[in-house]
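Some notes on the structure that comes next.
The values are calculated or read from the model by the stated rules, or taken from the named source; none is laboratory data. Being a predicted model, the structure only gives us computed values, none of them experimental. A quick note on method: Cβ atoms are made from the backbone with ideal geometry, for glycine too, and the neighbour counts reach across all protein chains shown. Only protein heavy atoms, including side chains, enter the accessible area calculation; ligands, DNA and RNA are left aside. Shrake-Rupley method; radii C 1.70, N 1.55, O 1.52, S 1.80 Å.
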Amino acid sequence: MRGKVRKLSPPSERQATGGRMQVPLRPEIDTGTGATSGERARAMIEIASVSKRFETSGRKSHLALSDINLTVNDGAFVSILGPSGCGKSTLLYIVGGFVAPSEGVARMKGAAITGPGPDRGPVFQEFALFPWKTVLGNVMYGLRQQGVKRTEAEAQSLRLIEMVGLKGFEHFYPKELSGGMKQRVAIARTLAYRPSVLLMDEPFGALDAHTRTRLQNDLLNIWERDRKTVLFVTHSVEEAVFLSDKVVVMTRAPGRIKQIVDIDLPRPRIRAELLLDSHYQKYVVDIERMIDDGRDDAEHS
Amino acid sequence: MTSARNIVSKLSPLLACLGLLALWQVAALWLDTESFPTAWHALQTVPQVLGDPEQLLNILDSIRRMVIGFSLAVLIAIPLGLAMGRSARVSAFFNPLLMMIYPVPKAALMPVIMLWLGVGDASKTLVIFLGVSLPVIYHSFQGAKAVEEKMLWSGAAMGLSGLQRMIRIVLPAALPEILTGCRTGLVLALITMVTSEMIARQSGAGNILFNAMDMAQYDTVFAMIIIIGALGIVLDAAFDKLRWRLVKWAEPHQEILLGAS
Ligand SMILES: Nc1ncnc2c1ncn2[C@@H]1O[C@H](COP(=O)(O)OP(=O)(O)O)[C@@H](O)[C@H]1O
Ligand SMILES: [Mg+2]
């Protein structure tokens, strides 16, 4: 069981050792592609030997994350997938600088992360909009904070609001919006201050299936336009495969990386085509099996 | 349809007042004692009281003390309550103190305070201050504690410092709760105002009321009750209007906007 849990080393290292990487799927495609391209992708986020221990009541402590190593390259869409409680959010919060790791270090563009900053923009499942601000007020907030003049911030925000499909709702308060619309506002609010990395914690988890699909499509469209680095937490295998370049599969308690799967599906991805694509289906099935394996292991141990 | 309902809802406080006065009138006629004048009689005495410059000055004195005590309390209680709500350390420091003061009727402290500060404005304003502070601290504390952490994280990611988050996120997010506390505080301010003047008779609305009581001028007593009651109702209504303007974004049921567009 432990043998299956492999750490991810930086891509350069992996290529140098000629390793098969962690991906048993379609190995004929992923070997050496990076090396031949010549240009080496820049590491945006590096998580090195990160563990997180929560002190719980009664002197016991809970190991939420154990020895996590992960590199996210500039412009990559990486999903963290795992059962609830396996530490996905905690890992994301560590990158966000909201939670400090107990051991190890997380780096952003080479510098150790010591706190939150506008280079890493979070989007939460709970939306976390400012209810006393209108849609426009919410989206403008970060720009105003960065000293952008009101008229300029307004113009930029209006463009973003249109981009996320909320034209006409600029002056609505959050309580007047549906869940899907709130999450659109939250995404626009974070995009507005132009973070280098988007940190999304089950952003569509609270939405109904239909809204969820629409937001996935829209997010992908937006992302394909400017190719921001995205770290995306989800517990939906389909969502992870559909959106990502790379899926990090985690195991439960203590949270460890079980496997990292490169999703080699062409972009732009069209949902209707992808669902029929046998490669897509294989990724989904294989990853689901991977998660089930983990569950059995946990039960037997 | 909506307009009819609107008119009814607008008139209902007025109808309640009239009903109360009518009840009073009937009760007074039925009891028929000198110490319980009719509502009509008491109402007629109101202009007399307000027309007397000395009485009016007394009442204005009361209002001045109330405004000062209330304002000081709000200015201190809101930041303190918010700080307690967001910091376990601040809360641990002040909590025992507040737990002790909380159940004590503030007017009961009046004699001690008078020993220190005399019977003048300072004592009475301090008692009002104490009366208003506690509910405002409590509600600010609750409001600040309930602020969603992810909201603060969102602010931190935008680059807001700790103090900025306190002022620009915790304060507005807790505002509905804070204003609930202020509204309770306003009523308590009126109550402590009258009781403090009852204990330290020197000036004020309570002074007029209890002097009249001593001299068996029951018309004036009841006129003062009407004046103080009306003051309370007007202040409360005005405050509620202000509150609504400030936190209409939080009001749960409203037919604004969505229906319109
Ligand atoms: N602030 C905290 N204090 C104590 N335990 C926590 C805290 N945050 C998370 N945990 C625990 O850490 C584990 C991982 O939590 P989380 O990262 O939220 O998981 P996920 O997002 O994968 O559902 C869970 O067992 C959770 O109970
Ligand atoms: Mg989570």
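Picking from residues in region A:123-137 that are away from ligand 1 (no atom under 14 Å from the Cβ) and not aliphatic (A, V, I, L, M), the one that is farthest from the other protein chains (Cβ to nearest Cβ) is A:Gly137.
Exactly one residue among A:Pro203, A:Pro268, A:Pro254 is within 16 Å of ligand 1 (Cβ to nearest atom), open to solvent by 30 Å² or more (accessible area, probe 1.4 Å) and within 26 Å of A:Met44 (Cβ to Cβ), and that residue is A:Pro254. With respect to the conditions (1) among the aliphatic types (A, V, I, L, M); (2) buried (at least 23 other Cβ atoms within 10 Å of the Cβ); (3) at pLDDT below 95, B:Ala174 lacks only one, and its number is (3). Among residues of region A:138-166 being within 7 Å of chain B (Cβ to nearest Cβ) and open to solvent by less than 20 Å² (accessible area, probe 1.4 Å), the one that is nearest to A:Phe232 (Cα to Cα) is A:Gly142. Within region B:115-163, the set of residues being within 14 Å of another protein chain (Cβ to nearest Cβ), open to solvent by less than 30 Å² (accessible area, probe 1.4 Å) and outside any helix (DSSP H, G or I) comprises B:Val147, B:Met158, B:Leu160.
Of all residues in region A:106-122, those satisfying the criterion of being facing chain B (nearest Cβ under 8 Å) and either surrounded by 17 or more Cβ atoms within 10 Å (Cβ to Cβ) or in a strand (DSSP E or B) (or both) are A:Pro116, A:Gly117, A:Pro118, A:Arg120, A:Gly121, A:Pro122. Restricting attention to region A:79-105 and to residues that are within 17 Å of A:Gln125 (Cα to Cα) and in a strand (DSSP E or B), the residue that is farthest from ligand 1 (Cβ to nearest atom) turns out to be A:Ser79.
Return yes when B:Val26 is open to solvent by 90 Å² or more (accessible area, probe 1.4 Å) and in a helix (DSSP H, G or I) and no when it is not. It would help to see each step written out before you state the result.
Values: open to solvent by 90 Å² or more (accessible area, probe 1.4 Å): yes; in a helix (DSSP H, G or I): yes.
Here the answer is yes, as B:Val26 does meet what is asked.
Please indicate, with yes or no, whether at least one residue in region B:194-212 is at positive phi, more than 14 Å from chain A (Cβ to nearest Cβ) and either open to solvent by 60 Å² or more (accessible area, probe 1.4 Å) or not in a helix (DSSP H, G or I) (or both). So far as region B:194-212 goes, yes, one or more of its residues are at positive phi, more than 14 Å from chain A (Cβ to nearest Cβ) and either open to solvent by 60 Å² or more (accessible area, probe 1.4 Å) or not in a helix (DSSP H, G or I) (or both).
If you scan region B:51-72, which residues turn out to be of a type outside the set (Val, Ile, Thr), open to solvent by 70 Å² or more (accessible area, probe 1.4 Å) and within 23 Å of B:Thr192 (Cβ to Cβ)?
From region B:51-72, those of a type outside the set (Val, Ile, Thr) are B:51-58, B:60-62, B:64-66, B:69-72; that's our starting set.
Remaining after also requiring open to solvent by 70 Å² or more (accessible area, probe 1.4 Å): B:53-54, B:57, B:60, B:64, B:72.
Matches in region B:51-72: B:Leu57, B:Leu60, B:Arg64, B:Leu72.
Residues in region A:85-119 that are of a type in the set (S, T, N, Q) and more than 16 Å from ligand 2 (Cβ to nearest atom): A:Ser102, A:Thr114. In this structure, is A:Ala64 assigned to a strand (DSSP E or B) and within 15 Å of ligand 2 (Cβ to nearest atom)? So A:Ala64 passes the test. Within region B:166-182, residues that are facing another protein chain (nearest Cβ under 10 Å) and more than 10 Å from B:Gly85 (Cβ to Cβ) reach partners that are open to solvent by 30 Å² or more (accessible area, probe 1.4 Å) and at pLDDT below 95 with beta carbons closer than 6 Å, at six or more positions or on different chains, in the pairs B:Pro176/B:Ala250.
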